[in-house]
1. Yes or no: the range 189-212 includes at least one residue that is surrounded by fewer than 17 Cβ atoms within 10 Å (Cβ to Cβ) and within 16 Å of the ligand (Cβ to nearest atom).
2. Restricting attention to the range 257-296, report how many residues are crowded, with 20+ Cβ neighbours inside 10 Å and not aliphatic (A, V, I, L, M).
3. Find the strands (runs of 3 or more DSSP E) located wholly in the range 1-109 whose residues include 1 or more that are more than 19 Å from residue 130 (Cα to Cα), and list them.
4. Inside the range 66-88, can you point out the residues that are surrounded by fewer than 22 Cβ atoms within 10 Å (Cβ to Cβ) and not charged (D, E, K, R)?
5. For the condition more than 13 Å from the ligand (Cβ to nearest atom), of a type in the set (S, T, N, Q), under 18 Å from the mean Cα position of the chain (by Cα) and surrounded by fewer than 23 Cβ atoms within 10 Å (Cβ to Cβ), what is the one hit in 11, 19?
6. So residue 177 fits all but one of (1) surrounded by fewer than 18 Cβ atoms within 10 Å (Cβ to Cβ); (2) within 15 Å of the ligand (Cβ to nearest atom); (3) within 23 Å of residue 214 (Cβ to Cβ); what number is the exception?
Amino acid sequence: MATIGFIGLGNMGGPMAINLVKGGHTVKAFDLSTDAIARVVDAGGQGADTAIAAATDVDFVVSMLPAGKHVEGLYLTGDAPLFDVVRKDTLIIDSSTIDAATAQRVAAAGAERGIDFIDAPVSGGVGGAVAGTLAFMTGGSDAQFAKAKPILECMGKNIFHAGDAGAGQIAKACNNMMLAILMSGTAEVLNMGMKNGMDPAVLSEIMKQSSGNNWALQVYNPVPGVMEGVPSSNDYQGGFQVDLMFKDLGLAADLSHASASPTPMGMSAKSLYALHKANGNGGLDFSSILRMYQDS
Ligand code: NAD
């Protein structure tokens, strides 16, 4: 069993750290919030007073932070960079969703110091974090991936090696841009059907059995009442927030720009989510994009 420093114990990181404890590992947990640390301690983890204390003399460090500036600050550019204290045989796994350029820059700075840093963002949301069924998209070498895999398997079900440093973040940005396109397109046509007198449940079933079938129709229908147990049937509470989808579309837009890849569909979805967020819907589940069409 390994000793693991876990930094960033929010909605995602908290349950992920607890699943590592359940997997039999020793977890040294740190967050800026003492309440977040206390939840992991209650589950059998050890609390750490600082990020340095969590990351010193451990086999792995896992971080789950809001954005690239937090990750770069923690490891490289902050007041007490972890790259100055981690053992050379510690593998650092950053599971935050951040821009690929920052992930590559931090990995390269680690490599210069002989420190292994990989990106391993996740898909699956808070439910997947609690259930231990997340998908991990990992960017790093074959050896780094092989070493990380047993640890990631305590927190997830599908563990992918996406490619070299940064490839996990690229895969995540591509997936979430696709998700935004699928969800807004699905909302668009369901609204059109309803405005032309169709029952959305009947229309959804027809499309599910036809060439318009997609993930949103299968498991995440955006029309309230069509499907049980999804955010649309709970006033768009829970699920994956518009704010987070907007953040991820920004990361995808950065990638598109940096590589001069045309993404007109993705940019349309990003504009829709920007308007929806500006209208005060940032805290709702992302399937609430249906309301953009209904209210216009
Ligand atoms: P969150 O805001 O709930 O948690 C972030 C945590 O990081 C907070 O507890 C905060 O106190 C802590 N933190 C910030 N800076 C810190 C620092 N310097 N040192 C220690 N702790 C620090 O966010 P979340 O929903 O857990 O998301 C975390 C990451 O996972 C984000 O990158 C997000 O995009 C990604 N993600 C979230 C979801 C989701 O559904 N929530 C799904 C997939 C990926």
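1. no
2. Selection size over the range 257-296: 9.
3. Working: elements: 3-7, 26-30, 60-63, 91-94.
Hits in the range 1-109: 3-7, 60-63, 91-94.
4. First pass over the range 66-88, keeping only residues surrounded by fewer than 22 Cβ atoms within 10 Å (Cβ to Cβ): 66-67, 69-70, 72-73, 76-81, 83-85, 87-88.
Within the range 66-88, 66, 67, 70, 73, 76, 77, 78, 80, 81, 83, 85 qualify.
5. Values: 11 fails: more than 13 Å from the ligand (Cβ to nearest atom).
Selected residue: 19, the only one of 11, 19 that is more than 13 Å from the ligand (Cβ to nearest atom), of a type in the set (S, T, N, Q), under 18 Å from the mean Cα position of the chain (by Cα) and surrounded by fewer than 23 Cβ atoms within 10 Å (Cβ to Cβ).
6. Of the numbered conditions (1) surrounded by fewer than 18 Cβ atoms within 10 Å (Cβ to Cβ); (2) within 15 Å of the ligand (Cβ to nearest atom); (3) within 23 Å of residue 214 (Cβ to Cβ), the odd one out for residue 177 is (1).
So that you can scan it fast, the table gives a plain yes or no per residue for (1) within 14 Å of the ligand (Cβ to nearest atom); (2) crowded, with 23+ Cβ neighbours inside 10 Å; (3) not aliphatic (A, V, I, L, M):
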| position | (1), (2), (3) |
| --- | --- |
| 109 | no, no, no |
| 113 | no, no, yes |
| 125 | yes, no, yes |
| 130 | yes, no, no |
| 136 | yes, yes, yes |
| 139 | no, yes, yes |
| 144 | no, no, yes |
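Matching residues to (1) in contact (Cβ under 8 Å) with a residue 12 or more places away in the chain; (2) of a type in the set (Gly, Ala, Ser); (3) in contact with a Ser or Thr (Cβ under 7 Å, 6 or more places away or on another chain):
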{"site": "161", "(1), (2), (3)": "yes, no, yes"}
{"site": "196", "(1), (2), (3)": "no, no, no"}
{"site": "199", "(1), (2), (3)": "no, no, no"}
{"site": "208", "(1), (2), (3)": "no, no, no"}
{"site": "211", "(1), (2), (3)": "no, yes, no"}
{"site": "226", "(1), (2), (3)": "yes, no, yes"}
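Every read-out reported here was derived from the displayed coordinates using simple, explicitly stated rules and does not represent laboratory data. A quick note: this is a predicted structure, and the numbers were derived from the prediction, not measured. Cβ: placed from backbone, ideal geometry, glycine included. Neighbour counts: every protein chain shown.
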